[in-house]
């Protein structure tokens with residue numbers, strides 16, 4: 001499955017002052033596959049070491065001896081039986097968090113062996129909570145998300161649909177294209193973006209309902225694996241707190257969608273007595289650093305830079321993958337395909353839009369609320385604040401969006417809805433269909449200032 005992050009990997013490879021690369025992300029997002037596939041296509045030879053699988057053999061190399069890069073390369077070459085060419089090959093250290101000392105070694109590769117391409121992959125959980133000091137400034141970090149809708153189309157051989165979206169320049173969309181793309185989007189709502197899940201769907205998609213049942217079974221197993229990681233990296237007591245916060249994300253999203261709350265509520269999430277942000281800050285930040293949760297802080301008076309006015313203790317918490325969100329609340333695939341799942345549709349769409357924006361590198365995001373208005377997301381794009389309202393359905397009345405426009409006069413405003421693409425050039429309000437996020441903000445910029 002081709003991933004968009006390969007473009008950034010190639011940019012890293014071609015840099016004159018190349019630092020070791022650390023590819024981070026939640027488990028199961030495809031880090032290992034991407035690095036191995038990239039190495040195969042762009043280097044003479046790749047030398048792959050799984051530090052978790054080979055920990056007994058490799059740990060002494062990093063722990064019991066010098067971190068001199070020449071000595072490390074000699075020893076790794078001896079273990080694999082293959083000589084490593086410093087100028088032409090790539091060294092891949094997978095599951096680097098399994099041997100924390102290997103993370104420190106990246107600093108010395110940067111300082112003393114910059115000619116060698118070194119790429120490491122690691123779970124955010126282990127890297128973020130390593131006892132070893134992180135080599136700040138000595139590595140280039142790339143964050144990897146689950147496959148977005150664009151990558152889903154490519155990975156499921158929906159090339160005609162993908163080509164239509166990539167070539168879309170605005171204007172009218174015929175019903176036949178809109179219905180087809182929206183049907184594909186609903187399938188993505190079921191699978192989400194984890195590569196193994198998408199592969200399971202693809203293998204059986206000729207019998208879609210059976211394929212979706214297999215998808216849900218796999219997603220349930222993956223959720224158990226993620227929760228087992230909590231105790232692995234946090235200990236039994238902390239892991240129970242993390243688990244409670246993790247499991248409450250769908251309920252919190254539902255409450256904000258139903259207007260019962262505008263933000264994450266802390267009261268009694270873990271147990272009585274845990275009522276404030278300070279009580280829950282550690283498990284929340286643990287999930288965010290692990291890549292399993294996406295946190296959007298509140299900014300009541302957004303301006304540039306948008307993150308400067310964000311309130312630390314007021315935020316919404318989202319899940320990192322829309323497919324797992326459906327599995328967590330036992331939402332049947334048939335209901336999603338019928339687009340008939342009540343109030344869930346609202347926060348499903350909101351979660352989807354956020355993870356899509358993040359996957360496209362738009363990560364300076366806050367949420368805003370006025371006295372009677374609320375905007376799901378406010379982004380910083382090209383040194384401007386851009387309001388983004390999300391509507392799961394086809395009723396596109398946007399009173400909150402108009403209130404924001406009246407108050408802050410943004411250069412343009414955006415809605416993501418179930419409707420076709422459209423724009424009001426005079427008001428500079430753009431309606432993107434939910435399946436069209438890969439064209440944002442391109443179409444807005446082209447049409448707002450043309």
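The values are calculated or read from the model by the stated rules, or taken from the named source; none is laboratory data. As the structure is a computational prediction, the values presented were derived from the model and not from experiment. Using ideal geometry, Cβ is built from the backbone for each residue, glycine included, and neighbour counts are taken over all protein chains shown.
Would you check if there is a residue in region 390-400 being within 30 Å of residue 7 (Cα to Cα), assigned by TED's automatic domain parsing to the domain that holds residue 182 and at pLDDT 90 or above? Taking every residue of region 390-400 in turn, at least one turns out to be within 30 Å of residue 7 (Cα to Cα), assigned by TED's automatic domain parsing to the domain that holds residue 182 and at pLDDT 90 or above.
Name the one entry in 351, 419, 447 that is farther than 26 Å from residue 315 by Cα, in contact (Cβ under 8 Å) with a residue 12 or more places away in the chain and in a helix (DSSP H, G or I). Going through 351, 419, 447 in turn, just one is farther than 26 Å from residue 315 by Cα, in contact (Cβ under 8 Å) with a residue 12 or more places away in the chain and in a helix (DSSP H, G or I): 447.
For region 281-322, how many residues meet the condition of being touching a helix residue (DSSP H, G or I) at 6+ places or on another chain (Cβ under 8 Å) and part of a helix (DSSP H, G or I)? Residues that pass the stated criteria total 7.
Which is in a strand (DSSP E or B), touching a helix residue (DSSP H, G or I) at 6+ places or on another chain (Cβ under 9 Å) and farther than 28 Å from residue 211 by Cβ, of 378, 366? Before the answer, list the steps.
Working: 366 fails: touching a helix residue (DSSP H, G or I) at 6+ places or on another chain (Cβ under 9 Å).
After applying the criteria, what remains is 378.
Given the criteria out of contact with any helix residue (DSSP H, G or I) (no Cβ under 7 Å at 6 or more places or on another chain) and more than 30 Å from residue 19 (Cα to Cα), does residue 210 qualify? No, not satisfied.
Take the residues of region 16-62 that are assigned to a loop (DSSP other than H, G, I, E, B) and without any contact (Cβ under 8 Å) to a residue 60 or more places away in the chain: which is surrounded by the fewest Cβ atoms within 10 Å (Cβ to Cβ)? Going through the qualifying residues, I end up with 16.
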